[in-house]
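Okay, structure first, notes after.
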Amino acid sequence: MSHITAAQFTERYASLILAGRELPKKHLDRHILFISSTLRLEAGRPYSESELNDELRKWASRFGGNFGLDHVTLRRFLVDEGYLRRDPAGGTYEVAVNGLPYTFDQSIKELDLEELISAARQARELKKQQYLKRSQE
């Protein structure tokens with residue numbers, strides 16, 4: 001089992017969201033997206049399918065558009081990859097806490113993903129402006 005640090009997550013997540021046009025092929029990058037989509041879900045709390053869909057819809061509308069991820073496709077990936085467990089009847093889901101493909105720093109749960117993306121956009125714009133200024137000199 002591999003581990004994702006907060007620094008690794010922050011750097012890759014912003015890059016993926018800002019540049020993404022399809023679901024990443026790299027295993028680590030794909031799992032960073034999956035982890036990000038479960039951060040606001042409570043471990044140990046059973047979610048009905050509609051409750052889970054509502055939560056995943058929020059993530060998909062904010063961050064999943066570049067990747068063609070709607071809430072249904074995302075939910076299927078999360079179950080298939082072991083981030084969510086579905087009860088045998090298929091009525092409820094829980095966030096998996098054991099047996100995950102990747103572990104991650106718990107500080108990642110405290111990140112504001114929208115703020116992270118906003119800061120990355122600002123940094124890119126500043127870098128672009130600095131480049132343009134240097135090229136005009």
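Please treat every number below as a calculation from the coordinates, not as lab data. Note that the structure is a prediction, hence the values are computed from the model and not measured. Virtual Cβ from ideal backbone geometry, glycine too; neighbours counted across all protein chains shown.
Before moving on, here are some points about what is shown:
- Helix 113-136 and the long axis of the chain differ in direction by around 20°, with both axes built from C-alpha atoms.
- Rounded to the nearest 500, the 222 nm mean residue ellipticity of the chain from helices alone is -17000 deg cm²/dmol, with -39,500 (n - 2.57) taken per DSSP H run of at least 4 residues.
- DSSP beta bridges in region 1-103 [antiparallel fraction, %, rounded to 5]: 60 percent
- Over the C-alpha trace of the chain, radius of gyration and Dmax come out as 16.7, 67 angstrom.
- In terms of distances greater than 31 angstrom between alpha carbons, the cross-link table entries K26/K58; K109/K133; K26/K128; K26/K133 yield K109/K133; K26/K133.
- Applying both filters, DSSP loop and at most 15 other Cβ atoms within 10 Å, to the GluC sites (Glu not before Pro) of region 6-62 gives E22, E42.
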